[in-house]
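Inspection log for the structure reproduced underneath, given as structure tokens.
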Amino acid sequence: MNIINKGMAAVVAASMAFTSCSQTNKHTTETEGKPDTKSIVCYFSATGTTADAAGRIARIARADLYEIVPETRYTAADLDWTDSLSRSYVEMHNRSFRPAMSATDISLEGYDVVFIGYPNWWNTHPTIINTFIESNDLAGKTVVPFMTSGGSTIANSEKELRESYPELTFGQGILMNGKTDDEVKEWIDGIGR
């Protein structure tokens, strides 16, 4: 009987050691490849296209996700760029316009990289992006723009952002249309280099 108890004790001890080792390896695997910097993807999306792009970036970068929501959501009529009386047309033809956001309580403290995404409006970023930037303390962070577009590039928007906010540090932006996950990962990996 004593031999059986000693044998059982040895089996239990070996099992506990194996379980402990497995848990340590599991923890190592889960944390392996985590980014050294803490990132957040902040985005404005009027139709869902930019929301999809933001979700992809957040997944690939292992970043948090935050939607920039206007106080009054845009309707299809508001987005009619051919109507000179539409809300988006009026806002975009007065670059000092700052549409109100529904919430400004986000804390960006602790984030090193802030991705800011938006659709292309009139070959640049919607003015609500200016509202967001001016409502948050982005000093000491790397601000990285990304855009979705039917045909324009992000170049003009990046130029305007850098000129409007020379005190901020900007990373190289990206136009997300047609980008593969590998291309997005390569872009993310190159930020800050």
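Remarks
- Residue check, Val69 under 20 Å from Leu138 (Cβ atoms) and surrounded by fewer than 18 Cβ atoms within 10 Å (Cβ to Cβ): yes
- Leading residue by the ranking (modelled with the highest pLDDT) among those in segment 81-101 that are aliphatic (A, V, I, L, M) and not in a loop (DSSP other than H, G, I, E, B): Met101
- Restricting segment 112-136 to residues that are part of a loop (DSSP other than H, G, I, E, B) and over 16 Å from the mean Cα position of the chain (by Cα) leaves a set whose member that is nearest to Gly48 (Cα to Cα) is Asn120.
- Of all residue pairs spaced 6 or more apart or on separate chains, those with beta-carbon atoms under 9 Å, a first member in segment 71-99 that is more than 14 Å from Asn120 (Cα to Cα) and a second member that is of a type in the set (Asp, Glu) and open to solvent by 90 Å² or more (accessible area, probe 1.4 Å) are Arg98/Glu134; Pro99/Glu71.
- Selection count where residues are without any contact (Cβ under 8 Å) to a residue 24 or more places away in the chain and surrounded by 16 or more Cβ atoms within 10 Å (Cβ to Cβ), scope segment 155-180: 2
- Subset tally (residues that are touching a helix residue (DSSP H, G or I) at 6+ places or on another chain (Cβ under 7 Å) and either open to solvent by less than 50 Å² (accessible area, probe 1.4 Å) or modelled with pLDDT under 95 (or both)) for segment 51-62: 3
- In the condition set (1) in contact with a Pro (Cβ under 7 Å, 6 or more places away or on another chain); (2) of a type in the set (Val, Ile, Thr); (3) assigned to a loop (DSSP other than H, G, I, E, B), Thr104 is compliant with all but (1).
- The set of residues from segment 137-193 being in contact with an Asp or Glu (Cβ under 8 Å, 6 or more places away or on another chain) and among the basic types (Lys, Arg) comprises just one member, Lys141.
- Only residues that are in a strand (DSSP E or B) and either polar (S, T, N, Q) or under 15 Å from Gly55 (Cα atoms) (or both) were counted across segment 145-191, and they come to 7.
- In segment 102-134, the qualifying residues are those that are among the polar types (S, T, N, Q) and surrounded by fewer than 16 Cβ atoms within 10 Å (Cβ to Cβ), and the one that is farthest from Ser88 (Cα to Cα) is Ser107.
- Segment 117-132 residues that are in contact (Cβ under 8 Å) with a residue 40 or more places away in the chain and more than 16 Å from Asp80 (Cα to Cα), paired with ones that are aromatic (Phe, Trp, Tyr) and assigned to a loop (DSSP other than H, G, I, E, B) (beta carbon under 7 Å, 6 or more apart): Tyr118/Phe44; Ile128/Phe44; Ile129/Phe44
The values are calculated or read from the model by the stated rules, or taken from the named source; none is laboratory data. Just so it is clear, the model here is predicted, and its values are computed rather than measured. All Cβ positions, even for glycine, are placed from backbone atoms using ideal geometry, and neighbour counts span all protein chains on display. Side chains included, ligands, DNA and RNA excluded: accessible areas come from the protein's heavy atoms. Shrake-Rupley method; radii C 1.70, N 1.55, O 1.52, S 1.80 Å.
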